[in-house]
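*Asks:* Before anything else, here's the structure in question.
Every number here is computed from the coordinates shown, using simple stated rules; none is lab data. Keep in mind the model is a prediction, meaning the values are calculated, not measured. Virtual Cβ from ideal backbone geometry, glycine too; neighbours counted across all protein chains shown.
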Amino acid sequence: AQTVTQSQPEMSVQEAETVTLSCTYDTSENNYYLFWYKQPPSRQMILVIRQEAYKQQNATENRFSVNFQKAAKSFSLKISDSQLGDTAMYFCAFMKGSSGGGADGLTFGKGTHLIIQP
Amino acid sequence: NAGVMQNPRHLVRRRGQEARLRCSPMKGHSHVYWYRQLPEEGLKFMVYLQKENIIDESGMPKERFSAEFPKEGPSILRIQQVVRGDSAAYFCASSPFDRDLFYEQYFGPGTRLTVT
């Protein structure tokens, strides 16, 4: 079974600063995917960024980037130029690869509550 | 293209009643997943279905919970004889059946179940 650990229950930074959220995971799988989801007060789950384990290059989506260290089983999220709208719960998630099409269930961490201060 | 739809958004049930949560996947998606989020927790996987077939129900409680995804109509998560511990937000997600996109899951807005 897979586990995902987010060791920072809450973080607070000033607007425009850069913040890094940490995530570690444990698995014996070699083929898997990692995700960061954002859950604002509306509770809608929004996919922020994804990383395929077989790719060495770190994923980037505008102000969001990841530092994927496969050997260390670490997957941190960096948010640059943080904005007030980034205030939300952030969940790291793991999914093992599936060979049959479709997808597998996601395993989530407990989340980090990120607060961006004006 | 409408997103994943869930209804009702809020559901209040008294202990011992039945709760039925509905999920309509995105158009063209044939796979549905149900997750439960307890207060102050992350989402926990419950069950994974495709049309008329349960693929993985390893996260479903053994009793009182069932799920279906019929050939026509939405997916249903059914909780019989609800107890206070069932109070949570229940999220549905869907994904396409496509080898290039199979890892993408799109979430609905969730149903908040309150058991009184």
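*Asks:* Specify the inter-centroid distance of the stretch A:1-27 and the stretch B:1-68, based on alpha-carbon positions, in whole Å.
*Replies:* 27 Å
*Asks:* Got the relative contact order for chain A handy, in percent, Cα pairs under 8 Å and 6 or more residues apart?
*Replies:* Dividing the mean separation by the residue count of chain A yields 37 percent.
*Asks:* Fewest Cβ neighbours within 10 Å first, please rank A:Thr3, A:Thr24 accordingly.
*Replies:* Listed from fewest to most nearby Cβ atoms, that is A:Thr3, A:Thr24.
*Asks:* Determine, for A:Lys70, B:Lys71, the number of other Cβ atoms within 10 Å of each Cβ, and report the residues in order from fewest to most.
*Replies:* Least crowded to most crowded, the residues run B:Lys71, A:Lys70.
*Asks:* Which one of B:Gln37, A:Gly111, A:Tyr90 is farthest out on the positive end of the charge dipole of the protein assembly as shown, using unit charges on Cβ (Lys, Arg +1; Asp, Glu -1) and the Cα centre as origin?
*Replies:* Comparing the listed Cα positions along the dipole, B:Gln37 ranks first.
*Asks:* Still on this structure: How big is the dipole moment of chain B about its Cα centre under a simple scheme where the beta carbon of each Lys and Arg is +1, that of each Asp and Glu is -1, and everything else is neutral? Debye, nearest 20, please.
*Replies:* It comes to approximately 580 debye.
*Asks:* What is the average number of partner chain Cβ atoms found within 10 Å of a Cβ in A:36-46?
*Replies:* Mean shielding count: 4.
*Asks:* Hey, which of these cross-link pairs are over 22 Å Cα-Cα: A:Lys78/A:Lys110; B:Lys27/B:Lys71; A:Lys55/B:Lys27; A:Lys73/A:Lys96; A:Lys55/A:Lys110; A:Lys96/B:Lys44?
*Replies:* Among A:Lys78/A:Lys110; B:Lys27/B:Lys71; A:Lys55/B:Lys27; A:Lys73/A:Lys96; A:Lys55/A:Lys110; A:Lys96/B:Lys44, the Cα-Cα distance tops 22 Å for A:Lys55/B:Lys27; A:Lys55/A:Lys110.
*Asks:* What is the extension gain from A:Thr60 to A:Thr18, computed as 0.36 nm multiplied by their sequence separation minus the C-alpha to C-alpha distance, in nm to one decimal?
*Replies:* Full-extension gain reported as 13.7 nm.
*Asks:* A further question on this structure: For the protein assembly as shown, build the charge dipole from Cβ charges (+1 Lys, Arg; -1 Asp, Glu) around the Cα centre, then report which of A:Ile49, B:His10, A:Pro9 sits farthest towards its positive end.
*Replies:* Value computed over the given set: B:His10.
*Asks:* Taking 0.36 nm per residue of sequence separation and subtracting the Cα-Cα distance, how much length would be gained by fully extending the chain between B:Asn7 and B:Asn53, in nm to one decimal?
*Replies:* 14.4 nm
*Asks:* Related question: Just checking the output field for B:36-48: average partner chain Cβ neighbours within 10 Å of each residue's Cβ?
*Replies:* Average per residue, whole number: 5.
*Asks:* On to the next question. First measure r as the distance between the Cβ atoms of A:Glu10 and B:Arg64, then evaluate 1/(1 + (r/R0)^6) with R0 = 25 Å and state the FRET efficiency to the nearest 0.05.
*Replies:* 0.15
*Asks:* By count of other Cβ within 10 Å, fewest leading, how are B:His31, B:His10 ordered?
*Replies:* B:His10, B:His31
*Asks:* Right, here's the next one. In percent, how large is the relative contact order of chain B, given Cα pairs closer than 8 Å and 6 or more residues apart?
*Replies:* Here the relative contact order equals 36 percent.
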